[in-house]
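Read through the structure below, which is laid out as structure tokens, and then see the notes.
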Amino acid sequence: MIQEENFNEKDSLALIESMIKKAKNQFSENGDSYLLWGWLVFFCSLAQFVLLHIMHYEKHYLVWMLTWVAAIYQIFDLRKRKNKLKVKTYTDDIVGYVWIAFFISFVLIGFTLGSYKLLNSGIWYAIVLVLYGIPTFLSGIILKFPPLVLGSICCWILSIISRYIPYDFQVLLLSIAMIVAWIIPGYKLRARYKSSNKSSLA
Amino acid sequence: MFKELDPILHSQLRLAVISLLISLKEAEFTYIKEKTNATAGNLSVQINKLKDAGYIDVLKQFKDNYPQTVCKITPEGISAFEEYVKNLQTYLNK
């Protein structure tokens with residue numbers, strides 16, 4: 001530790017650099033939300049495919065009701081996590097707003113396509129995959145986390161692919177998208193969060 | 001031409017606190033203590049000096065029935081920090 005009376009200009013600069021670096025290495029994203037939604041959408045899309053094409057169940061879409069349960073859980077979980085945080089960063093705020101914009105856009109597009117009776121058409125999955133890509137890409141750029149950027153690009157490629165495969169199989173593209181865009185990056189975010197917490201305690 | 005460095009900021013712990021807060025929206029006292037390796041007493045004194053200079057806002061509240069102190073840099077604090085860094089450059093380029 002430098003003594004206060006010997007604290008010169010060079011020490012000032014070194015101190016500023018080290019403190020800014022410490023603040024920059026502050027990661028509050030632990031990947032939990034990516035894993036929750038990634039696994040949920042993965043499961044729901046697979047289940048819908050099985051219910052519709054193997055079991056020929058008429059109300060196959062009901063499986064998506066699970067997303068409302070997850071949304072309620074997410075609200076409580078985010079509130080709990082926010083209370084535990086010792087620090088708030090501008091990055092967290094911006095990423096939060098990106099996901100709010102995604103959620104609102106998703107609901108509005110779903111409502112609009114639903115009112116035009118287009119939810120059971122090929123266009124729905126193409127749009128959903130494009131939408132998944134947008135917040136994933138932005139979060140990846142803001143958090144400087146390449147796996148999310150890569151995942152978002154995969155979503156957009158899958159959106160193009162959806163045009164060329166039969167409608168009945170398009171729902172499976174959502175499962176693939178979830179693995180590459182949210183599940184794998186989610187586990188990697190969790191690992192980064194754990195290692196950053198370990199090093200800050202060391 | 002050397003400009004005098006702001007005496008409020010030209011102190012190891014106060015500069016550490018401001019440098020940390022410049023990149024964050026807000027931080028709890030315990031977080032700042034952990035990152036600066038300062039003692040609670042010394043940190044408390046220096047935070048009060050920064051607050052009196054108008055460089056930071058200090059919010060005392062209760063969270064889960066425990067007292068909590070949250071610090072946030074003010075626009076005056078940001079300007080003072082920027083000016084300090086600018087003046088610092090004149091010394092380092094000599």
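Things to note:
- Other protein chain Cβ atoms within 10 Å, averaged over every residue that makes up A:17-24: 5
- Annotation note: trypsin sites (Lys or Arg not before Pro) in segment A:1-85 located in DSSP loop regions with a Cβ neighbour count of at most 11 within 10 Å are A:Lys59.
- Here segment A:1-104 has an Rg and Dmax of 23.0, 80 Å, counting Cα atoms alone.
- Principal axis analysis of the Cα atoms in segment A:85-172 yields extents of 48, 27, 15 Å, listed in decreasing size.
- For the residues of A:84-96, the average number of beta carbons from a partner chain within 10 Å of their own beta carbon is 4.
- Spin-label proximity, A:His53 to segment A:164-180 - amide N less than 16 Å from point 7 Å beyond Cα toward beta carbon: A:164-177
- Percent of alpha-carbon pairs separated by more than 27 Å within the protein assembly as shown: 53
- Model label sites at A:Lys84 and B:Thr39, defined 7 Å from Cα along the beta-carbon direction, differ in position by 3.2 nm.
- Total lysine pairs whose alpha carbons fall under 21 Å of each other in segment B:23-94 (8 or more apart, or interchain): 23
- Sequence-distant aspartates and glutamates (8 or more away, or on other chains) whose Cα lies within less than 17 Å of A:Lys84: A:Glu29, A:Asp32, A:Asp92, A:Asp93, B:Glu26, B:Glu28, B:Glu34, B:Asp64
- As a calculated quantity, the FRET efficiency between B:Lys3 and B:Lys60 at R0 = 51 Å, using C-beta atoms, amounts to about 0.90.
- Helical content alone sets the calculated 222 nm signal of the protein assembly as shown at -22000 deg cm²/dmol, taking -39,500 (n - 2.57) per DSSP H segment of four or more residues and averaging over every residue.
- Under the combined filter of DSSP loop state and at most 11 neighbouring Cβ atoms within 10 Å, segment A:10-119 retains these chymotrypsin sites (Phe, Trp or Tyr not before Pro): A:Tyr116.
- Here A:Arg163 and A:Trp64 are evaluated by their C-beta separation; at R0 = 22 Å the FRET efficiency comes out at 0.45.
- Coil-residue chymotrypsin sites (Phe, Trp or Tyr not before Pro) of segment A:123-199, DSSP, other Cβ within 10 Å capped at 10: A:Tyr164
- Computed log₁₀ I(q)/I(0) - Debye formula, equal Cα scatterers, no solvent, chain B, q 0.13 Å⁻¹: -0.44
- What the phi angles of segment A:86-99 give under the Karplus curve with 6.51, -1.76 and 1.60, with θ = phi - 60°, is a coupling list of 8, 8, 10, 10, 5, 4, 4, 4, 5, 4, x, 5, 4, 6 Hz, glycine and proline written as x.
- With a cut-off of 15 Å between beta carbons, the residues surrounding B:Leu59 carry a summed charge of +4, where Lys and Arg count +1 and Asp and Glu -1.
Coordinate-derived values only; no laboratory data. Since we're looking at a predicted model, the values are computed, not measured. Positions of Cβ are generated from backbone atoms using ideal geometry, with glycine treated the same way; all protein chains shown enter the neighbour counts.
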